[in-house]
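The values are calculated or read from the model by the stated rules, or taken from the named source; none is laboratory data. This is a predicted model, so every value here is computed, not measured. Cβ placement follows ideal geometry from the backbone for every residue including glycine, while neighbour counts extend to all protein chains displayed. Accessible surface areas use protein heavy atoms only, side chains included; no ligands, DNA or RNA. Shrake-Rupley method; radii C 1.70, N 1.55, O 1.52, S 1.80 Å.
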Amino acid sequence: AQAFALLVDLPRTPEWLPPCVSIEKLNPGPNTVGDKLKYTHKQGGRQGVMDGQIIERKPDEKLVCRYNDVMMEVLVEFNVRSAATGACLTHTITITPQTLIGRLMSPLIRLSVPRQTRKAMANMVSILDSSDI
(Lines give C-alpha, C1' and ligand atoms only; values in the text may rest on other atoms or scores of the structure.)
Protein backbone atom coordinates (compact mmCIF):
# COMPACT_ATOMS: atom_id res chain seq x y z
CA ALA A 1 0.00 0.00 0.00
CA GLN A 2 2.87 2.39 0.79
CA ALA A 3 4.58 1.76 -2.55
CA PHE A 4 1.35 2.36 -4.44
CA ALA A 5 0.63 5.49 -2.38
CA LEU A 6 3.99 6.92 -3.49
CA LEU A 7 3.24 6.08 -7.15
CA VAL A 8 -0.11 7.85 -7.17
CA ASP A 9 1.19 10.91 -5.28
CA LEU A 10 1.94 12.57 -8.61
CA PRO A 11 3.48 15.81 -7.24
CA ARG A 12 6.17 13.63 -5.57
CA THR A 13 7.18 11.90 -8.81
CA PRO A 14 10.22 14.18 -9.38
CA GLU A 15 11.64 12.91 -6.06
CA TRP A 16 12.13 9.43 -7.48
CA LEU A 17 11.97 9.73 -11.30
CA PRO A 18 15.17 11.41 -12.55
CA PRO A 19 13.97 13.05 -15.81
CA CYS A 20 10.66 14.25 -14.29
CA VAL A 21 10.27 17.95 -13.54
CA SER A 22 6.57 17.62 -12.70
CA ILE A 23 3.38 15.69 -13.31
CA GLU A 24 0.27 17.79 -13.06
CA LYS A 25 -3.17 16.24 -12.87
CA LEU A 26 -5.58 18.41 -14.83
CA ASN A 27 -8.77 17.04 -13.23
CA PRO A 28 -9.78 17.72 -9.62
CA GLY A 29 -10.25 14.93 -7.09
CA PRO A 30 -8.60 11.56 -6.57
CA ASN A 31 -6.70 9.85 -9.39
CA THR A 32 -9.11 7.93 -11.60
CA VAL A 33 -9.12 6.33 -15.04
CA GLY A 34 -9.54 9.01 -17.68
CA ASP A 35 -7.82 11.78 -15.72
CA LYS A 36 -5.68 14.02 -17.94
CA LEU A 37 -2.05 14.63 -17.01
CA LYS A 38 0.72 17.02 -18.04
CA TYR A 39 4.21 15.52 -17.73
CA THR A 40 7.15 17.92 -17.85
CA HIS A 41 10.55 16.30 -18.24
CA LYS A 42 14.13 17.33 -18.80
CA GLN A 43 16.54 15.21 -20.80
CA GLY A 44 19.68 16.05 -22.66
CA GLY A 45 19.53 19.66 -21.52
CA ARG A 46 16.11 20.08 -23.13
CA GLN A 47 12.79 20.41 -21.35
CA GLY A 48 9.71 18.87 -22.90
CA VAL A 49 6.04 18.41 -22.12
CA MET A 50 3.86 15.40 -22.83
CA ASP A 51 0.09 15.13 -22.58
CA GLY A 52 -0.98 12.14 -20.54
CA GLN A 53 -3.89 10.17 -19.21
CA ILE A 54 -4.45 7.54 -16.54
CA ILE A 55 -5.73 4.57 -18.52
CA GLU A 56 -5.88 1.90 -15.81
CA ARG A 57 -5.85 1.98 -12.01
CA LYS A 58 -6.42 -0.79 -9.50
CA PRO A 59 -5.92 0.53 -5.95
CA ASP A 60 -2.76 -0.78 -4.29
CA GLU A 61 -2.00 -2.95 -7.36
CA LYS A 62 -1.73 -1.27 -10.75
CA LEU A 63 -1.29 2.13 -12.39
CA VAL A 64 -1.01 2.60 -16.15
CA CYS A 65 -0.54 5.97 -17.85
CA ARG A 66 -0.12 6.92 -21.50
CA TYR A 67 1.87 10.00 -22.50
CA ASN A 68 2.16 11.56 -25.97
CA ASP A 69 4.05 14.31 -27.69
CA VAL A 70 4.79 14.86 -31.37
CA MET A 71 7.72 12.40 -31.39
CA MET A 72 6.73 9.61 -29.00
CA GLU A 73 3.95 7.68 -27.34
CA VAL A 74 4.99 6.31 -23.95
CA LEU A 75 3.03 3.71 -22.01
CA VAL A 76 4.11 3.47 -18.36
CA GLU A 77 2.83 0.57 -16.26
CA PHE A 78 3.41 -0.11 -12.57
CA ASN A 79 2.35 -3.37 -10.93
CA VAL A 80 2.73 -3.72 -7.16
CA ARG A 81 2.33 -6.94 -5.20
CA SER A 82 3.10 -7.99 -1.66
CA ALA A 83 6.37 -9.76 -1.03
CA ALA A 84 7.76 -11.49 2.06
CA THR A 85 9.87 -8.47 2.95
CA GLY A 86 7.70 -5.62 1.64
CA ALA A 87 6.59 -5.14 -1.94
CA CYS A 88 7.59 -6.18 -5.43
CA LEU A 89 7.20 -3.42 -8.03
CA THR A 90 7.33 -4.10 -11.75
CA HIS A 91 7.83 -0.99 -13.87
CA THR A 92 7.26 -1.44 -17.61
CA ILE A 93 7.85 1.28 -20.20
CA THR A 94 6.80 0.93 -23.84
CA ILE A 95 8.00 3.71 -26.14
CA THR A 96 6.61 4.00 -29.65
CA PRO A 97 8.24 6.57 -31.96
CA GLN A 98 5.75 8.68 -33.90
CA THR A 99 8.17 10.40 -36.31
CA LEU A 100 11.33 9.67 -38.28
CA ILE A 101 13.38 11.64 -35.73
CA GLY A 102 11.81 9.56 -32.96
CA ARG A 103 12.74 6.35 -34.77
CA LEU A 104 16.30 7.63 -35.26
CA MET A 105 16.54 8.40 -31.53
CA SER A 106 15.28 4.94 -30.54
CA PRO A 107 18.75 3.37 -30.07
CA LEU A 108 19.75 6.17 -27.68
CA ILE A 109 16.49 5.83 -25.80
CA ARG A 110 16.95 2.05 -25.49
CA LEU A 111 20.36 2.70 -23.92
CA SER A 112 19.21 5.33 -21.41
CA VAL A 113 15.84 3.98 -20.22
CA PRO A 114 17.14 0.91 -18.31
CA ARG A 115 19.62 3.06 -16.35
CA GLN A 116 16.96 5.69 -15.59
CA THR A 117 14.51 2.98 -14.52
CA ARG A 118 17.01 1.36 -12.16
CA LYS A 119 17.77 4.79 -10.65
CA ALA A 120 14.05 5.55 -10.26
CA MET A 121 13.41 2.25 -8.48
CA ALA A 122 16.42 2.78 -6.17
CA ASN A 123 15.07 6.26 -5.36
CA MET A 124 11.66 4.80 -4.53
CA VAL A 125 13.20 2.19 -2.24
CA SER A 126 15.12 4.92 -0.45
CA ILE A 127 11.96 7.00 0.07
CA LEU A 128 9.96 3.97 1.23
CA ASP A 129 12.73 2.82 3.57
CA SER A 130 12.81 6.26 5.17
CA SER A 131 9.02 6.00 5.74
CA ASP A 132 8.74 9.49 4.23
CA ILE A 133 5.34 8.97 2.59
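The fraction of Cα-Cα pairs per 5 angstrom bin, counted from 0 for the chain, comes to 2, 10, 19, 26, 20, 14, 7, 3, 1, 0 percent, rounded to whole percents. Relative to the longest principal axis of the Cα atoms of the chain, the long axis of helix 100-129 lies at roughly 20 degrees. Rounded to the nearest 500, the helix-only mean residue ellipticity at 222 nm of the chain stands at -10000 deg cm²/dmol, with each DSSP H run of n ≥ 4 adding -39,500 (n - 2.57). One chain, two ends: ASP9 and LEU26. Fully extended at 0.36 nm per residue, the span grows by 4.7 nm beyond their Cα-Cα distance. For the chain, the antiparallel share of DSSP beta bridges with both residues in that region comes to about 100%.
Computed from point charges on the beta carbon alone (+1 for Lys and Arg, -1 for Asp and Glu), the dipole magnitude for the stretch 1-78 about its Cα centre is near 140 Debye.
Dipole check for the chain: with +1 at the C-beta of Lys and Arg, -1 at the C-beta of Asp and Glu, and the Cα centre as origin, the magnitude is about 400 Debye. Subtracting the Cα-Cα distance of ILE93 and THR117 from their residue separation scaled by 0.36 nm leaves 7.7 nm. For the stretch 1-36 versus the stretch 60-80, the inter-centroid distance based on Cα atoms is 11 Å. Here the convex hull built on the C-alpha positions of the stretch 40-109 has a volume of 111 cubic angstrom per residue. Out of the GluC sites (Glu not before Pro) in the stretch 1-79, which ones are loop residues according to DSSP with at most 16 other C-beta atoms within 10 Å? Those that pass, being in a loop and sparsely packed, are GLU61. For the chain, modelled as a GNM with alpha-carbon contacts under 10 angstrom, which of GLY52, GLY29, GLY86 fluctuates the most? Of GLY52, GLY29, GLY86, the Gaussian network model singles out GLY29 as fluctuating most. Think of a 1.4 Å ball rolled over the protein heavy atoms: the stretch 6-57 then has 52 Å² of accessible area per residue.
Taking 20 Å as the straight-line reach from the Cα of LYS58, the lysines in range (excluding those fewer than 8 positions away in the same chain) are LYS25, LYS36.
A full extension of the chain between GLN47 and LEU75 corresponds to an added length of 8.1 nm, given 0.36 nm per residue minus the alpha carbon distance.
Just to confirm, what accessible area per residue do you get for the stretch 84-129 at 1.4 Å probe, in whole Å²?
With the other protein chains kept in place, the stretch 84-129 gives 69 Å² per residue.
Shape summary: the stretch 74-133 maps onto an equivalent ellipsoid whose semi-axes, from the alpha-carbon gyration tensor, are 30, 12, 9 Å in decreasing order.
Taking the protein heavy atoms of the chain in the context of the full set of protein chains, the accessible area attributed to carbon and sulfur is 55 percent at 1.4 Å. Of PRO11, GLN43, VAL33, whose Cα points farthest to the positive end of the dipole of the stretch 1-46 (charges on the beta-carbon: +1 Lys, Arg; -1 Asp, Glu; origin at the Cα centre)? Value: GLN43.
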